[in-house]
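> Just dropping this structure here.
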Amino acid sequence: MKNSLKGLFLVAISIFLASCSAKKMPTEESKNEIDQQLVESLPGSWVANSYDYGNYEISYEDKKLCFNSEELEIEYTEENRVFTHQEKDKSFHYIFEVNKDGITVLPHYEVKQTGKELITGGDLAPIMLKKQRILTKENLLGRWKSVEPDHPGYFEIKATFDSTKIDVLLSETAEFKEVETIPLTAEKGNSALVYIDESKTTKYIFTKHEEAQIILNTSSTQTGAEGTARPWILERVINE
């Protein structure tokens, strides 16, 4: 009788372990699967809808993603997410979540703790991206104003006789009583609206934002320059 019970117990354990193994198998296999169509929806020019309102380029080549200057290896895909890690630092991950409005990028470091040392790692701020809309030089011309009360500014963008150049007039008032004129030249070899000033020390990048808004980012060309200038969110001034 005891031998029979022992036999039944062993059979039950074997069935239980087999069922657990069967449940785990699809999960392990799914982590080796890559949805090619999902991955190929990522490449393109994107602009951040929050965070820094910056421009982001995603490319895909040789089964690897390039997120701006970051080389990423693809681990696997799951539903609407692409899981990756940095090629140089496999503990730093990027998860790309594709949705109807764009992409949410979720960067994070693996959580680590050695002995009594402090825990390091964790999630970083998400970056919400949307497709960069087409913006032409002709769309820029005219008067614009900042939509942020704590970051006021009034701009007038004028064409010049040289098709590669524009003049940006900047004022603190809507009447343009005191004006700073900034001559800009289109940067060669760049399909985006990127201009550089006469001293070649500052770049001006114009991108589409909302339906009637644009974003003006400025960045230094100087090596080792610290900090990032706050971008301008501008809307067109309609003359009544």
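> Identify all residues within region 165-184 that are of a type in the set (Ser, Thr, Tyr) and within 17 Å of PRO149 (Cα to Cα); write none if there are none. Don't jump to the end; show me each part of the working.
We begin by selecting, within region 165-184, every residue of a type in the set (Ser, Thr, Tyr); these are 171, 173, 181.
Within region 165-184, SER171, THR173 meet the criteria.
> Being of a type in the set (S, T, N, Q) and at pLDDT 90 or above is the requirement here; does SER199 meet it?
Working: of a type in the set (S, T, N, Q): yes; at pLDDT 90 or above: yes.
Yes, satisfied.
> Search region 46-60 for residues being under 8 Å from the mean Cα position of the chain (by Cα) and in a strand (DSSP E or B), and hand back the single one that is modelled with the lowest pLDDT. Working first, answer last.
Residues of region 46-60 that are under 8 Å from the mean Cα position of the chain (by Cα), as a first pass: 46-48, 54-57.
Keeping just the survivors that are in a strand (DSSP E or B) gives 46-48, 55-57.
On the way: TRP46: 86, VAL47: 82, ALA48: 84, ASN55: 79, TYR56: 86, GLU57: 86.
Per the stated criteria, the residue is ASN55.
> Being among the polar types (S, T, N, Q) and either surrounded by 14 or more Cβ atoms within 10 Å (Cβ to Cβ) or not assigned by TED's automatic domain parsing to the domain that holds GLN86 (or both) is the filter; apply it to region 104-135 and report the residue that is modelled with the lowest pLDDT.
As a first pass, look at region 104-135 and keep what is among the polar types (S, T, N, Q): 104, 113-114, 120, 132.
Checking which are either surrounded by 14 or more Cβ atoms within 10 Å (Cβ to Cβ) or not assigned by TED's automatic domain parsing to the domain that holds GLN86 (or both) leaves us with 104, 132.
Values: THR104: 94, GLN132: 71.
Ranking the candidates gives GLN132 first.
> Which one is nearest to HIS93 (Cα to Cα) among residues in region 60-72 that are surrounded by 13 or more Cβ atoms within 10 Å (Cβ to Cβ) and in contact (Cβ under 8 Å) with a residue 12 or more places away in the chain?
The extreme case among them is LEU72.
> Sort out which residues of region 143-172 are in a strand (DSSP E or B), within 29 Å of the chain's Cα centre (by Cα) and polar (S, T, N, Q), and write them in order of number.
Result: SER146, single match.
> Give me a count of the residues in region 144-195 that are among the basic types (Lys, Arg) and either closer than 20 Å to ARG230 by Cα or touching a helix residue (DSSP H, G or I) at 6+ places or on another chain (Cβ under 9 Å) (or both).
1
The values are calculated or read from the model by the stated rules, or taken from the named source; none is laboratory data. All values derive from a computational prediction rather than experimental measurement. Cβ coordinates were reconstructed from backbone atoms using ideal geometry, including for glycine residues, and neighbour counts include every protein chain displayed.
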